[in-house]
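Please read the structure below before turning to the comments.
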Amino acid sequence: MKSHTVKGAGGTRLHIVETGQSSGAPILFIHGLSQCWLAWTRQLDSALADNYRLVAMDLRGHGLSDQPREGYADSRAWADDVNAAISELGLDHPVLCGWSYGPLVILDYIRHYGDGNIRGANFVGGVTKLGSEEAASVLTPAFLGLVPGFFSSDAQESVQALDSLLRLCFTRELSAEQRFLMLGSSVSVPPYVRQALLSRSIDNDDLLPRIRKPVLITHGSDDPIVSPAVIERQFAGLAHAQVRLMHDAGHACFWNDATTYNRHLREFVEAS
């Protein structure tokens, strides 16, 4: 596993890991709220590495990336961060693969840079809008009930909320080591970062129909955070998208059933 540091918007240092074949088609993985690149372990350590260049970035404010106080409400900043990863690492038309909050970052990139330099996009258990009643309607009460804890400066309240989020994301039990690593990474994200991310007001309904590159929508049938009802709304703006509903899988469907998810991702990359 190689580690890189690239400079994103405003000089923010972004931590990126990569593995796999340097000459293979690149896949850039983008994690969700208060997570980090470790979420993609079951892809990075899989047979996908035999054929593809697998790259996973820590978003600004997360993991080993810088945690500036500002810049989280700026769509252009998120777009520039992704562009920095693509350009500085020389990723030739990568597939952008975003989980949960990740599709919002992918769409920030496409809004400012277009889709000409990517092969396609995979939205995994993702949302494409925030900050409205319509956006909140696809988020479950179990998740929404945790949000005040995400913003809390009280350590115990914050850890409890983040631990509950992990349990919602990874519905099948994590090993003690995996839970320790993921919870530690989640807790290391400052409350001001989580609050800034969830306070954004975003509506990409105008952008979705303009995407011409292939899109794969992947969702767990038992997702306890983002209702599968979101698929119909996304598909309404992405009539050419492929949809993979993974049965008996939750929010982190790529973790719950990595074998099936990785097969679907491989098929998508090969066809794109």
Check your understanding: Which aspartates and glutamates, on any chain, are close to Lys213 with Cα under 13 Å apart, when same-chain ones fewer than 8 places away are left out?
Key -> Asp115
Study note, to complete from the structure: Reported to the nearest 10 Å², His240 has, with a 1.4 Å probe, an accessible area equal to 90
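Considering only DSSP beta bridges whose two residues both sit in the chain, what percent are antiparallel, to the nearest 5?
Details: 14 of 37 bridges.
Roughly 40 percent of the beta bridges in the chain run antiparallel, per DSSP.
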Review point. Under a 1.4 Å probe, what is the accessible area of region 1-148 per residue, stated in Å²?
Key: 35
Review point. GluC sites (Glu not before Pro) within region 121-176: which are DSSP loop residues with at most 12 other Cβ atoms inside 10 Å?
Key: Glu173
Practice item. Multiply the residue separation of Arg212 and Arg167 by 0.36 nm, subtract the distance between their alpha-carbon atoms, and state the gained length in nm to one decimal. Key: 12.6 nm
Exercise for review: At most 12 other Cβ atoms within 10 Å and a DSSP loop assignment: could you name the trypsin sites (Lys or Arg not before Pro) in region 153-200 that fit?
Suggested key: Arg172
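Considering Cα pairs under 8 angstrom that are at least six residues apart, work out the relative contact order of the chain and quote it in whole percent.
Numbers: 549 pairs, mean separation 53.9, N = 272.
Once divided by the residue count of the chain, the mean separation gives 20 percent.
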Practice item. Obtain the nm distance between the two label points defined at Ala239 and Asp205 by a simple spin-label model: each point lies 7 Å from its Cα along the Cα-to-C-beta direction. Key: 1.7
Review point. Just from its helices, what would the mean residue ellipticity at 222 nm be for the chain, if runs of 4 or more DSSP H residues each count -39500 (n - 2.57) and the sum is divided by every residue, rounded to the nearest 500 deg cm²/dmol?
Key: -10500 deg cm²/dmol
Practice item. Under 1.5 on a/c is rounded, so check that first for the chain, then, if it is not, pick prolate when a/b is larger than b/c and oblate when it is not; a ≥ b ≥ c are the square roots of the alpha carbon gyration tensor eigenvalues. Key: rounded
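Quantify, in whole percent, the carbon and sulfur part of the accessible surface of region 1-121 (1.4 Å probe; protein heavy atoms only). Mind dumping the intermediate values first?
Numbers: 1720 of 4080 Å².
Taking all protein chains in place, region 1-121 shows 42 percent carbon and sulfur surface.
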**Study point:** Per DSSP, loop trypsin sites (Lys or Arg not before Pro) in region 30-125 with at most 13 further Cβ within 10 Å
**Key:** Arg69
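Quick one: of the DSSP bridges fully inside region 1-154, what percent are antiparallel, nearest 5?
Percentage antiparallel, nearest 5: 45.
Per residue, how much accessible area does region 168-232 show when a 1.4 Å probe rolls over the protein heavy atoms, in square angstrom?
On the way: 3000 Å² over 65 residues.
The answer is 46 Å² per residue.
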Study note, to complete from the structure: With a ≥ b ≥ c from the Cα gyration tensor eigenvalues, square-rooted, and the rule rounded for a/c under 1.5, otherwise prolate when a/b > b/c and oblate otherwise, region 198-245 is oblate
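Would you mind getting me the FRET efficiency between Val159 and Glu270? Use the beta-carbon distance for r and R0 = 41 Å, nearest 0.05. Walk me through the numbers before you get to the answer.
Values: r = 42 Å, r/R0 = 1.02.
The pair Val159/Glu270 has a calculated efficiency of 0.45.
The values are calculated or read from the model by the stated rules, or taken from the named source; none is laboratory data. None of these values were measured; they are calculated from a predicted model. Note: ideal-geometry Cβ built from the backbone for every residue, glycine included; neighbour counts use all protein chains shown. These area figures cover heavy atoms from the full protein model, side chains too; ligands, DNA and RNA do not enter into them. Shrake-Rupley method; radii C 1.70, N 1.55, O 1.52, S 1.80 Å.
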